[in-house]
Every structure is written in C-alpha cells, then in structure tokens.
C-alpha cells in the first residue's frame with residue numbers, strides 16, 4: 001500500500017526532499033496562498049505547529065497559484081511574506097499545482113486517499129488540509145474554512 005513516505009517533493013530552494021524524513025510524525029499538508037481571504041489561517045496553523053511540534057507534529061505548506069491567482073510570488077517572496085507577516089517556522093515548499101493534468105503527484109495521491117465534499121477529488125480552494133498519521137496514511141481532509149482549533153481535536157487523537 002502506498003503512503004506519503006513514497007513521495008519526494010521540492011522545498012522552496014528546489015532541493016529534493018524525501019517525505020520519508022517525516023516517518024513516524026503526524027503531518028498536516030496544506031495548499032497555501034499569500035493573498036487569499038483565508039491567509040489569516042497562517043496564524044492559527046503556526047500556533048498549532050508550535051504547540052505540538054515537540055510531540056512529533058509537522059506542517060508542510062505548499063504554495064499554489066491556481067485559485068484566483070492568489071499566490072503570484074516566487075518561492076523566496078512567499079517565504080519572506082510568511083516570515084514577515086506570520087513568523088512561520090513550519091516548512092514552506094516549492095509552489096505547485098494541486099489540480100489538473102499537471103497536479104503535483106503528492107496532491108494527486110492525497111486527493112485520491114480522501115475525497116472532498118460530495119465525493120469529489122478536486123481541491124476547491126486555498127487552505128485545503130490533509131491530516132496524515134504516523135504510518136503515513138491520510139486520515140482526514142479538511143475544507144479550506146476549517147480552522148486550526150477544529151483540527152486540533154483530531155490532531156490530539158493521533159499524536
């Protein structure tokens with residue numbers, strides 16, 4: 001059975017990163033954007049990360065410009081935005097596509113593992129979140145409107 005650990009992605013500096021490095025950690029994988037009505041969620045995500053990172057929790061942020069062109073910057077600009085405006089310390093990766101024929105393989109996998117509203121696989125907007133357990137299995141998909149306080153109750157159960 002395939003898990004998230006079978007994938008490699010590129011970080012914001014375009015280095016190849018095997019997700020196997022996150023083996024036995026609980027992950028929240030999020031498609032993020034800097035100029036979205038939901039961008040404020042960075043604050044709650046960072047608070048959640050700081051609260052639980054010592055217990056083996058990681059957030060992986062993947063910038064995406066597919067929704068109303070709300071992530072137009074370069075990787076460097078995106079990281080600077082996250083740092084200056086939200087003090088983000090969790091990992092921000094290379095900008096990707098999450099839908100369509102050029103969808104990142106990791107997100108194609110995540111979408112197949114946990115379907116969205118009405119059984120569709122497509123990601124509808126920025127800040128869709130996938131919760132992965134310590135075995136690399138996708139256990140929950142959260143819609144963009146779901147905020148960190150609601151995610152925390154699920155997170156506590158699997159940490």
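The values are calculated or read from the model by the stated rules, or taken from the named source; none is laboratory data. Predicted model only: the values in this text are computed from it and were never measured. Please note: Cβ atoms are built from the backbone with ideal geometry, for glycine as well, and neighbour counts cover all protein chains shown.
Of the strands (runs of 3 or more DSSP E) contained entirely in the stretch 1-47, those carrying at least 2 residues that are over 15 Å from the mean Cα position of the chain (by Cα) and either more than 24 Å from residue 124 (Cα to Cα) or at pLDDT 95 or above (or both) fall at 16-18.
Only one entry of 90, 107 meets the criterion of being at pLDDT 95 or above, closer than 26 Å to residue 14 by Cβ and in contact with a helix residue (DSSP H, G or I) (Cβ under 7 Å, 6 or more places away or on another chain), and that entry is 90. Under the condition of being more than 17 Å from residue 61 (Cβ to Cβ) and surrounded by 16 or more Cβ atoms within 10 Å (Cβ to Cβ), the residues counted in the stretch 6-19 number 0. Could you tell me which of the residues 34, 54 is out of contact with any helix residue (DSSP H, G or I) (no Cβ under 7 Å at 6 or more places or on another chain) and more than 18 Å from residue 130 (Cβ to Cβ)? Testing whether each residue is out of contact with any helix residue (DSSP H, G or I) (no Cβ under 7 Å at 6 or more places or on another chain) and more than 18 Å from residue 130 (Cβ to Cβ) leaves just 54.
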